[in-house]
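First, the structure itself, so that you have it in front of you.
Taken together, the values in this text are just the output of simple stated rules run on the coordinates, not laboratory data. No experiment lies behind these values; they were computed from the predicted model shown. For neighbour counting, all protein chains shown are included, and Cβ atoms are generated from backbone atoms with ideal geometry for every residue, glycine included.
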Amino acid sequence: MTVRFPLFRAGAFALLLTTAGCGGSEVTEIEDVRERGHAGVPAPRSTLDQRMRGEMPGDPHGADPHGAMGGAASSGVAYTWSTPAGWEPLPAAPMRAAGWKVTAAPGTECTFSTLPASGGGFVANVNRWRKQMSLEPTDEAAVAALPTKGTLLGRPARWVELTGTYVGMGGGATVEGAKLVGLVAELPQATAFLKLTGPAASVDAEVTRFLELAASIAPGSGAAAATRAEPPAPAAPFQWTAPAGWTQGPARSMRVATFVPTGAPSSEVAVSILKGTAGGVRANLDRWRGQMGAAPLTDAEFEALPRAKVLGGTAVFLAVEGAYAGMSGGAGAAGSMLLGMALPRPGDMVFVKMTGPAAEVRGEQDRFRAFCESFRE
């Protein structure tokens with residue numbers, strides 16, 4: 001079925017709305033319709049419950065509470081998905097394409113939304129989620145290190161996992177011992193977000209179904225062309241020679257390039273550049289070790305790390321095995337391995353990082369080193 005709801009714009013501000021409901025295992029398609037309301041009409045206040053759900057006041061279907069609208073024109077943005085067993089649709093609301101609640105776990109909810117282009121930036125959106133969990137903002141380097149997990153709209157998705165006190169978007173009512181897991185996928189003309197929140201134990205129990213839902217979300221006929229178009233490759237300040245069997249992935253925010261080795265399909269290699277010192281070589285290597293559950297390097301261990309001349313500077317290499325947890329601080333994925341290179345240059349830092357199952361990554365060590373040493377102006 002296809003359900004249409006309105007979008008309101010006043011001046012230069014716009015809210016994208018694509019909403020629908022579905023139940024059981026049926027596949028539902030939704031499509032948004034854009035409408036313009038009268039400028040200058042003040043928006044009514046939302047209740048705390050509405051803010052926690054990402055809803056706005058007024059008509060439950062998102063209609064203008066003042067009845068002022070006109071000039072509709074369909075944007076053709078549509079999505080399909082399969083609702084997980086035991087999940088029910090939430091009422092329609094602005095600022096999200098769809099929402100669900102876990103029937104057997106009160107207070108555990110999932111929302112799917114899209115924002116135009118970068119959606120304000122990946123770092124800003126991760127920090128928005130961190131604020132909802134009563135956590136301090138993180139920095140660009142930590143966000144750049146977030147792992148990839150599963151797919152969203154057919155693209156590799158970045159994984160966010162946070163624990164804390166959930167206050168949602170409004171503040172006031174809180175949920176102690178809460179957890180948030182989220183996926184972010186960058187599309188050519190939009191960024192997609194899928195988020196699951198609730199008591200930590202309930203969220204942990206639903207992660208598998210959450211990832212299955214993410215994998216099932218796909219563009220409908222109206223959105224297919226925009227979603228499948230490949231984004232332009234990011235501009236790199238240097239060149240490289242990719243090893244045979246390494247496939248370059250789609251462009252991503254905060255990365256110069258992403259590769260997936262054919263012989264290590266569950267692993268990925270990320271190349272990123274950060275301005276300034278980014279905290280220094282050793283601090284970043286210790287941060288990577290922390291993501292693997294390893295202790296910081298001792299002075300002797302740091303001095304013993306392999307080094308090589310790359311792009312006229314001295315690159316430092318790291319290899320560590322453990323339970324990869326990214327920046328989440330959770331239990332992590334046991335049996336993982338991380339290969340890293342940190343290269344300080346005048347004005348910036350170059351990082352190359354490979355993560356994945358230890359057996360896969362171990363087999364790519366020589367190709368990883370050769371790839372890093374192939375960098376050239």
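Arrange the peptides 351-359, 312-320, 298-306 so that the one whose residues have, on average, the most other Cβ atoms within 10 Å appears first. All intermediate terms of the calculation are to be shown ahead of the outcome.
Values: 351-359: 21.1, 312-320: 17.6, 298-306: 10.9.
In descending order of packing, they fall as 351-359, 312-320, 298-306.
Figure the gain on full extension for residue 295 and residue 104 (residue separation times 0.36 nm, minus the Cα-Cα span) and round it to one decimal in nm. Numbers along the way, then the final one.
Working: separation 191, 0.36 × 191 = 68.76 nm, distance 3.93 nm.
Extra length from residue 295 to residue 104 when fully extended: 64.8 nm.
Something else now. Can you give the extra length, in nm with one decimal, that the chain gains between residue 216 and residue 176 once fully stretched, where that is 0.36 nm per residue apart less the Cα-Cα distance?
Extra length available between residue 216 and residue 176 comes to 11.3 nm.
If the limit is 29 Å between Cα atoms, which of 149/309; 179/275; 101/131 go over it?
149/309; 179/275
Another question, if that's okay. Taking the simple approach of a point 7 Å from Cα along Cα-to-Cβ for both residue 204 and residue 85, what is their distance in nm?
2.3
Sticking with this structure for a sec: State, to one decimal in nm, how far the label point of residue 131 lies from the label point of residue 242, with both points 7 Å from Cα in the Cβ direction.
Inter-label distance under the simple model: 3.7 nm.
Another question, then. Could you give the nm distance between label points at residue 359 and residue 139, where each point is 7 Å from its Cα heading toward the beta carbon?
3.8
Same structure, new question: Using a ≥ b ≥ c from the Cα gyration tensor of region 246-373 (square roots of the eigenvalues), is it rounded, prolate or oblate, where a/c under 1.5 gives rounded and otherwise the larger of a/b and b/c decides, a/b for prolate?
Rounded, since a/c falls under 1.5.
Then there is this: Answer rounded, prolate or oblate for region 81-125, using the Cα gyration tensor with square roots of eigenvalues a ≥ b ≥ c: rounded when a/c is under 1.5, else prolate when a/b is larger than b/c, else oblate.
Numbers: a/c = 2.57, a/b = 2.15, b/c = 1.19.
Here region 81-125 falls in the prolate category.
Let me ask something else. For residue 255 and residue 377 in one chain, what is 0.36 nm times their gap in residues minus the Cα-Cα distance, to one decimal in nm?
Stretched out fully, the residue 255 to residue 377 stretch lengthens by 42.1 nm.
Excluding residue 203 itself, what net charge comes from residues whose Cβ is under 13 Å from its Cβ, given Lys and Arg +1 and Asp and Glu -1?
0
Counting other beta carbons within 10 Å of each residue's own, what order do 286, 139 fall into, fewest first? Walk me through the intermediate numbers first.
Details: 286 18, 139 12.
If I rank by nearby Cβ atoms, fewest first, I get 139, 286.
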